[in-house]
Amino acid sequence: MRRKLAAGNWKMNGLTASLGELRSLVTAHPDPMVDILVCPPATLISQAAQCCAEHPIGIGGQDCHAERAGAHTGDVSAEMLKDSGACAVILGHSERRGDHGETSDTVRAKARAAQAAGLMAVICMGESLAQRDAANTLDIIAAQMALSIPDSSTAENLVIAYEPIWAIGTGLTPDAAQIGEVHDFIRTRLERRFDPGVGRGVRILYGGSVKPDNADAIFRVPNVDGALVGGASLKAGDFSPIIAALESSA
Ligand code: 13P
């Protein structure tokens, strides 16, 4: 059985004071029945990891460079994330693909580096509204899967997040049938490409406007193994009921 995962992506939000939200989360979930991952900005990873040192909440980064070290001003390597206390890293988020021109080839190289450094790569993929309207969603997902996911992937070091771009930060979500169609498709492709243990073991998260009031319905969709939550992960009061909804679906 796949262990469910509630992941929070703080994006470019959070100062030292925001660690109070993490402390509230630690207090609210002393013995979680699901995995919890919080991905604060890189500046807070080390302190966040210290907050969770005695607790199963994992801390992750939001990006890493594909190389181990070198002349790359402003970049952070997977090894550095690991060294600062991270256990995972989000890669290929549509905001990075959009803002920084990251291609699926770049994402695959970063994911390989992350896995080599002992991090779990949370690889994001999803279609734009124009691509969905043109009935290209599954083709887009197939291409992003083929190119973004490295062969070095295992059930432990890979998580896929399906995040339709049009659902991110908009309050819009696909309906259950639309989410189910994509998650089933991703599962089938994983099983076709990898050994059964990997194909069946990799967790597939849904991301895009997950809130306390829609989490329950989303978590009931087959092959949804959890969520990658943006805005609603910033406050423990919002993220906590999402974690609770995931626990009751487990
Ligand atoms: P929102 O939950 O704010 O829509 O963001 C989703 C997301 O991009 C998580 O990576």
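The requirement of being open to solvent by less than 60 Å² (accessible area, probe 1.4 Å) and more than 26 Å from G60 (Cα to Cα) is satisfied by G180.
Among residues of the range 76-102 that are over 18 Å from Q131 (Cβ atoms) and open to solvent by 10 Å² or more (accessible area, probe 1.4 Å), those with a beta-carbon under 7 Å from a residue that is of a type in the set (G, A, S) and assigned to a helix (DSSP H, G or I) at least six positions away or on a different chain give the pairs V76/A42; S84/S46; S84/A49; G85/S46; G85/A49. Look at the range 116-139: where a residue is without any contact (Cβ under 8 Å) to a residue 12 or more places away in the chain and a partner is surrounded by 13 or more Cβ atoms within 10 Å (Cβ to Cβ), sitting 6+ places away or on another chain with Cβ atoms under 6 Å, you get Q131/I140.
One line per residue, one yes/no per condition, for (1) hydrophobic (A, V, I, L, M, F, W, C); (2) within 16 Å of the ligand (Cβ to nearest atom):
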| position | (1), (2) |
| --- | --- |
| E181 | no, no |
| G197 | no, no |
| K211 | no, yes |
| A236 | yes, yes |
| S249 | no, no |
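Within the range 192-220, if we keep just the residues that are open to solvent by 80 Å² or more (accessible area, probe 1.4 Å) and not basic (K, R), the residue that is nearest to K235 (Cα to Cα) turns out to be D213. Contact map, the range 9-36: first residue over 17 Å from L246 (Cα atoms) and more than 16 Å from the ligand (Cβ to nearest atom), second residue in a strand (DSSP E or B) and open to solvent by less than 60 Å² (accessible area, probe 1.4 Å), Cβ cut-off under 7 Å, separation 6 or more or different chains; pairs are L22/V38. The residues in the range 11-24 that are of a type in the set (A, V, I, L, M, F, W, C) and under 18 Å from the mean Cα position of the chain (by Cα) can be counted, and the count is 2. Being within 14 Å of the ligand (Cβ to nearest atom), open to solvent by 40 Å² or more (accessible area, probe 1.4 Å), closer than 27 Å to A114 by Cβ and touching a Leu at 6+ places or on another chain (Cβ under 9 Å) is the requirement here; does I165 meet it? Taking the combined requirement at face value, the residue satisfies it. Taking the conditions (1) small (G, A, S); (2) in contact (Cβ under 8 Å) with a residue 40 or more places away in the chain; (3) farther than 23 Å from A113 by Cα in turn, A245 satisfies each one other than (2).
The values are calculated or read from the model by the stated rules, or taken from the named source; none is laboratory data. Since this is a predicted model, take the numbers as computed values, not measurements. Glycine also receives a Cβ, built like all others from the backbone with ideal geometry; neighbour counts cover every protein chain displayed. The area values use the complete protein model at the heavy-atom level, side chains included, leaving out ligands, DNA and RNA. Shrake-Rupley method; radii C 1.70, N 1.55, O 1.52, S 1.80 Å.
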